[in-house]
């Protein structure tokens, strides 16, 4: 796909938090992220699970790349790994400057025959599994975000 | 759990405890959520409930039998391959 002015560029990355995040620290990170993203026309979602971040950013390519550069230099992140970068037809998170939904580590084993989305997301050498897992997470997020509290 | 033979190409994934997603050939079939009462709700591509089931396998079987929506079908659960 060739980039044009209205092309949406999307990045999915994972990183380690350099220190455990309290709810307050997470709230501050989200506040900063939302303010910055609103200025740059970036939308997306953030997950924090067991000391790891999974974030999806989407928007103009240059703005997304600059934001990624900023995150890579952010001392709160370590071992950042880009899992997917791609041009997409339309935004998946147009309603969120940075959506967030709490997610816990599972207490149970996955049912027999089921794949684990988080294992697949970071599957080395299997881009189709990573892509499918990112879509599963997006789906999960959108379902959760639309459910009444 | 009774035996379930998934359709060829169908992938089932657990995102978190009690939240399961089915897909086939790059398209979501829908998702299954465990309710507080231990039963399972199956949802289609438009997030409409297609049934409530006593066990996960029954929900999977029903969701697997729903025809895969055409690519580009609108709904909050559309999955796309962009590469």
Going by the alpha-carbon gyration tensor, a ≥ b ≥ c the square roots of its eigenvalues, is segment A:64-127 rounded (a/c under 1.5) or, if a/c is not under 1.5, prolate (a/b greater than b/c) versus oblate? prolate
Summing -39500 (n - 2.57) over the DSSP H runs of n ≥ 4 in the protein assembly as shown and dividing by its residue number, what mean residue ellipticity at 222 nm do you reach, to the nearest 500 deg cm²/dmol? -9000 deg cm²/dmol
If I model a spin label at residue B:25 and residue A:38 as a point 7 Å from the Cα along the Cα→Cβ vector, what separation in nanometres do I get? 4.4
What one gets for chain A as the Kirkwood radius, inverse of mean 1/r over different Cα pairs in Å, is 16.0
Among A:99, A:59, A:27, the residue with the largest mean-square fluctuation in a Gaussian network model of chain A built from Cα contacts under 10 Å is A:27
Taking 0.36 nm per residue of separation and subtracting the Cα-Cα distance, what length does fully extending residue A:61 through residue A:90 add? 9.1 nm
Which percent of Cα-Cα pairs in segment B:10-65 sits in each 5 Å bin, short to long? 4, 22, 36, 27, 9, 2, 0
To the nearest 0.05, what FRET efficiency results for residue A:76 and residue B:34 with a Förster distance of 35 Å applied to their C-beta separation? 0.55
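Values in this text are rule-based calculations from the coordinates and carry no lab data. Not measured: the values here are computed from a predicted model. Virtual Cβ from ideal backbone geometry, glycine too; neighbours counted across all protein chains shown.
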